[in-house]
1. At a Cα cut-off below 20 Å, give the aspartates and glutamates reachable from Lys433, other chains included and same-chain residues fewer than 8 away excluded.
2. Compute the helix-to-body angle for 38-56: its Cα long axis versus the longest principal axis of the chain, expressed 0 to 90° and rounded to tens.
3. Measuring from label point to label point, each 7 Å out along Cα→Cβ, what is the Thr375 to Thr305 span in nm?
4. Using +1 at the Cβ of each Lys and Arg and -1 at the Cβ of each Asp and Glu in the range 188-326, identify which of Ala286, Ala243, Ser274 lies farthest towards the dipole's positive end.
5. Given the Cα-Cα distance of Ala86 and Ala348 and 0.36 nm per residue of separation, how much length would full extension add, in nm?
6. Around Val27, with a cut-off of 13 angstrom between Cβ atoms, what is the net charge of the other residues, counting Lys and Arg +1 and Asp and Glu -1?
7. Given charges of +1 on the Cβ of Lys and Arg and -1 on the Cβ of Asp and Glu, with all other atoms neutral, how large is the dipole of the chain about its Cα centre, in debye to the nearest 20?
8. Label the range 110-257 by shape, choosing from rounded, prolate and oblate, from the square roots a ≥ b ≥ c of the eigenvalues of the Cα gyration tensor; if a/c is under 1.5 it is rounded, and otherwise prolate applies when a/b is larger than b/c, oblate when it is not.
Amino acid sequence: MVRLYDSLSGTVRELRLRDPGRVSIYVCGPTVYDFPHLGHGRFTLVWDALRRWLSYTGLEVTYVSNITDIDDNIIARANRDGRTEAEVAGEYEDHWWKAMAAIGVARPTHTPHATEFVAAMVETISSLILRNIAYRTSDGVYFDVSRVADYGLLAGQPLESLRAGARVEMVLEKRSPLDFAVWKNAKAGEPSWPAPFGDGRPGWHTECVVMSLDLLGPGFDLHCGGMDLRFPHHENERAQASALDLPFAQHWAHNGWVMVGGDKMSKSLGNFTSLTDMLAQTDSRAYRLLVLRSHYRSPIEVTPTTVADAERSLERFDAMARRFDVPVHRSENFARSRELNWSEETLALLDRVGALLENDFDTPQAIATLFEALTVANAAADGGEMDRGRALAHAIGSLLAGLGLALRGEEKADIDGETALLVRERDEARAGKNWSEADRLRDELVARGWKVEDGSAGTIIRR
Ligand SMILES: [Zn+2]
């Protein structure tokens, strides 16, 4: 079973599953008021690769990632552009999914929108008020962090030291500077929802705790997000569940920063201005390889130079796919790859890479191992052992596909990476008997000009 670093315990430990054979994952999604930036690209690629890998190993993955479609930034943008909040959120959500499709990030199983869950959030906040854990002020409802005994566990700091470091805000009615808004009272011209404690809108930290528990149930397996969310966002999510005696995420995983020229990524920095901008200039698969070549907890440097380097590495794998006729658009899984009755050498490669990924998702070592195997495959073929080379190449292609990296073979050169991923997603949907999703993906392929057939080994597409 996979072992992952758990931010709560501070150790690499086994990801224990609530339901055998099934993994439940919640990943904090975007607030949609601008184009996705490089940091968005990284976290979605990291957790998409993990999700795909877990499903490659035979687990059934339920993956929930939210869309924050109401917040201060969306309201500010709507005011600036003279549009409604719903229009702003709708437009930037479209940009989001376009960018996700381009980098081959599969749609989450569920994509809850904050505005669809306000009633459930109102209920949670009512319970917190009833238990005297949340209190009303003139501008909203605040959570009293002193009511949670182990507040600060995820941040890795006790309450007193967090309190000493907190900046003093202007909300004078707050009992502690660390207390956070679970509800913001309605202001003129802003969207609001009815609540017994006064009309208004929910706070971000309440959104994620309510939606994750609603869709995944108490004690779900894994909560993921960028390192920057660890505190206060995730601490505050955990505090609310804890205050209501609800078992929350059993394992917490956080990915590292994106650096640009040695600086922590921020939206105003960088030579690529956004993920959308980067995708317009580069092979859309290159960012995934760049992400996989670093450990998910380490910072990565994303510049035109590092992306171009990833593109060159990708070309080596593509050349392998052409030389050895590696199938690029079939659904992949570990069991099937092993069943294909390959050589001891290929089985050893599958096992070695599998073991690396199970060890805190060590993708850099896994990718390095695949490059070494690629060199062996080419040398074998050069020396006349074509079958040996081909077997290795097919195993490499299968493992890369298991991490979401679709190769481009020669005679299928007109199948772009996005199309290959749609085919694979459709095969996954069919394998999971998710017929409506399979139909939706077929329609999407047809809309791209493909004829779609169902073969015994999966979806077959032709022009
Ligand atoms: Zn969240």
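1. Answer for Lys433, where 20 Å is the Cα cut-off: Asp19, Glu60, Glu332, Glu425, Asp443, Glu444, Glu453, Asp454, listed by chain and number.
2. Rounded to the nearest ten degrees, it is 60.
3. The two pseudo-label positions are separated by 2.4 nm.
4. Farthest along the dipole direction, towards plus: Ala286.
5. Extra length available between Ala86 and Ala348 comes to 89.1 nm.
6. Surrounding charge for Val27 is 0.
7. In debye, rounded to 20, the chain gives about 220.
8. Working: a/c = 1.57, a/b = 1.12, b/c = 1.40.
Cα axes put the range 110-257 in the oblate bin.
The numbers here are math on the coordinates, done by the rules we state, and not lab data. Since we're looking at a predicted model, the values are computed, not measured. All Cβ positions, even for glycine, are placed from backbone atoms using ideal geometry, and neighbour counts span all protein chains on display.
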